[in-house]
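Take a look at the structure set out below.
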Amino acid sequence: MMHTTPMPADIGLTRIAGPTGRMIRIGQWLNGNGFADYEHAFLVLPGGTLLEAEPGGARIRPLEEYAHSRVLYVYPPGLTGQQRAAVCAAARRYVGVPYSFLDYGAIAAHRFRLPLPGLRRYVASTRHQICSQLVDQCYQDAEVHLFADGRWPGYVTPMALYGLLARGEQVLAA
């Protein structure tokens, strides 16, 4: 589901310009998500704030910092007020969690079925997360499971969130 006025527990999807955005696009392409305009995901929190993963660690910022950006706000159908509150409560536990560009490579390694010991544990780890993993983990902690396709925990990119919540796709992630 999509809407234009962000509410707590909504997922914001937006573009990242420059070299970082290009690197993320390549990572998403390697993961089978193609090249598209959503390289970043964040979680809307109460009080006009948001939680997002960044290279310096996950942090809470004012939502107004995206006021002049093109942001698509999505959420799973049927999300209740109680679930929204639980997602937001879970989010606060992840402030400071380090960002990991290596997660894109690990997710791609899984997609290509490279036999790397400990890969599943690395992708599922909450000690380091890319933006979309952080958002998905907050939902999982609130017992709201976005993906029902058998994917590994943590096997999610911003475009996977877009495909699921904006386009209604549920493609099996190998």
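Per-structure values
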quantity	calculated
Residue count for region 75-91, restricted to those that are of a type outside the set (S, T, Y) and surrounded by fewer than 12 Cβ atoms within 10 Å (Cβ to Cβ)	4
Conditions (1) open to solvent by less than 60 Å² (accessible area, probe 1.4 Å); (2) free of Cβ contacts under 8 Å to residues at least 40 places away in the same chain: number failed by E54	(2)
Helices (runs of 4 or more DSSP H) wholly inside region 63-174 that include at least 1 residues being touching a Cys at 6+ places or on another chain (Cβ under 7 Å) and either basic (K, R) or modelled with pLDDT of 95 or more (or both)	81-91
Considering residues of region 39-51 that are modelled with pLDDT under 95 and in a strand (DSSP E or B) only, the residue farthest from G12 (Cα to Cα)	H40
Count - residues of region 57-74 that are open to solvent by less than 40 Å² (accessible area, probe 1.4 Å) and touching a strand residue (DSSP E or B) at 6+ places or on another chain (Cβ under 8 Å)	8
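The values are calculated or read from the model by the stated rules, or taken from the named source; none is laboratory data. Given the structure is predicted, the values throughout are model-derived calculations rather than measurements. Methodologically, a virtual Cβ is constructed for each residue, glycine included, from the backbone with ideal geometry; neighbour enumeration extends over all protein chains shown. Ligands, DNA and RNA are excluded from the accessible area calculation, which covers all protein heavy atoms including side chains. Shrake-Rupley method; radii C 1.70, N 1.55, O 1.52, S 1.80 Å.
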